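Chemist: Encoded as structure tokens, here's the structure I'll be asking about.
Bear in mind that the values in this text are calculations on the coordinates, not laboratory data. Because the structure is predicted, anything quoted here is derived from the model rather than measured. Using ideal geometry, Cβ is built from the backbone for each residue, glycine included, and neighbour counts are taken over all protein chains shown.
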Amino acid sequence: MAIKRELNYQIDNLDKSILIALMDNARTAYAELAKRLAVSPGTIHVRVEKMKQAGIIEGTRVQVNAKQLGYDVCCFIGIILKSARDYPSALAKLDQLEEVVEAYYTTGQYNIFIKVMTRSIDELQQVLINRLQTIDEIQSTETLISLQQPIDRDVIP
């Protein structure tokens, strides 16, 4: 059964308040949100379901601290492809590399911009030499190592 998407759903101040509260703590009970926002738990439930149907809320997930798991090296790699038509096959190969945690198809100097997480500089070197630079569709890369991430936030509804 297909889920009906409500494409023209416009969020209001109550929806924004619900989103902000759930973005802060997705495990907040609807009853607690209702009390905080002076509405009924049923209203919260209906609003959340409408935002899910509209594609505004795509789900909930656990946010993992990569450093606590031993991933000490974060870098961004700009990739120049040999040809624009190589994008689908290059992307499929990049998707197979578990170290690649984000990928973007971009305008400007690079065709693809990826975020890579590794446990060490040595591991990063191995990924670059033995896995990334062996992808035939890639003409060249530029690697930028992140020293810190002073800002990390979601968009504000």
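Chemist: From the backbone phi of the stretch 142-152, what are the Karplus-calculated ³J(HN,Hα) couplings (6.51 cos²θ - 1.76 cosθ + 1.60, θ = phi - 60°) in whole Hz, Gly and Pro given as x?
Modeler: The phi angles translate into 9, 10, 10, 8, 7, 8, 6, 10, x, 10, 8 Hz.
Chemist: When only C-alpha pairs under 8 Å and at least 6 residues apart count, what is the relative contact order of the chain, in percent? Kindly include the intermediate steps, with their values, before the conclusion.
Modeler: Numbers: 174 pairs, mean separation 38.4, N = 157.
Across the chain, relative contact order equals 24 percent.
Chemist: Using a cut-off of under 16 Å, list every residue of the stretch 99-123 whose amide N is near the label point 7 Å from the Cα of residue 69 along the Cα-to-beta-carbon line.
Modeler: Only 99-103, 115-120 pass the distance filter.
Chemist: Next question. Go ahead and estimate [θ] at 222 nm for the chain from helices alone: -39,500 (n - 2.57) per DSSP H run with n ≥ 4, summed, over the residue count, rounded to 500.
Modeler: Values: 5 runs with 49 residues, N = 157.
The per-residue figure over the chain is -9000 deg cm²/dmol.
Chemist: Here's something else I'd like to know. Could you list 145, 77 in order of exposure, starting from the residue whose Cβ has the fewest other Cβ atoms within 10 Å?
Modeler: On the way: 145 12, 77 23.
Taking fewest neighbouring Cβ atoms as first place, the list is 145, 77.
Chemist: For residue 50, which lysines qualify as cross-link partners when the Cα separation must be under 19 Å and same-chain residues fewer than eight apart are set aside?
Modeler: 4, 16
Chemist: Quick check: net charge around residue 113, other residues with Cβ under 11 Å of its Cβ, Lys/Arg +1 and Asp/Glu -1? Kindly include the intermediate steps, with their values, before the conclusion.
Modeler: Values: positive: 115; negative: 102, 142.
With Lys, Arg at +1 and Asp, Glu at -1, the net is -1.
Chemist: For the chain, what percent of Cα pairs sit more than 25 Å apart?
Modeler: Numbers: 6301 of 12246 pairs.
Everything past 25 Å amounts to 51 percent.
Chemist: I need the calculated FRET efficiency for the pair residue 80 and residue 126, taking r as the beta carbon distance and R₀ as 35 Å, to the nearest 0.05. Can you show the working numbers first?
Modeler: On the way: r = 22 Å, r/R0 = 0.62.
Once the sixth-power term is evaluated, E becomes 0.95.
Chemist: Can I ask one more? Taking other Cβ within 10 Å of each residue's Cβ, how do 58, 123 sort, fewest first?
Modeler: Values: 58 8, 123 16.
Sorted ascending by nearby Cβ count, the order is 58, 123.
Chemist: Quick one: grab Rg to one decimal and Dmax as a whole number for the stretch 1-91, Cα atoms only, in Å.
Modeler: Gyration radius and largest Cα-Cα distance of the stretch 1-91: 19.5, 58 Å.
Chemist: Lysines near residue 93 by alpha-carbon distance under 20 Å, same-chain residues fewer than 8 away left out - which ones?
Modeler: The qualifying lysines are 82, 115.
Chemist: Using only Cα atoms, tell me the angle between helix 41-53 and the longest principal axis of the chain; keep it within 0 to 90° and round to the nearest 10.
Modeler: 40 degrees
Chemist: Using 5 Å bins from zero, what percent of all Cα-Cα pairs in the stretch 67-146 falls into each bin?
Modeler: Distribution as computed: 3, 15, 30, 27, 15, 7, 3, 0 percent.
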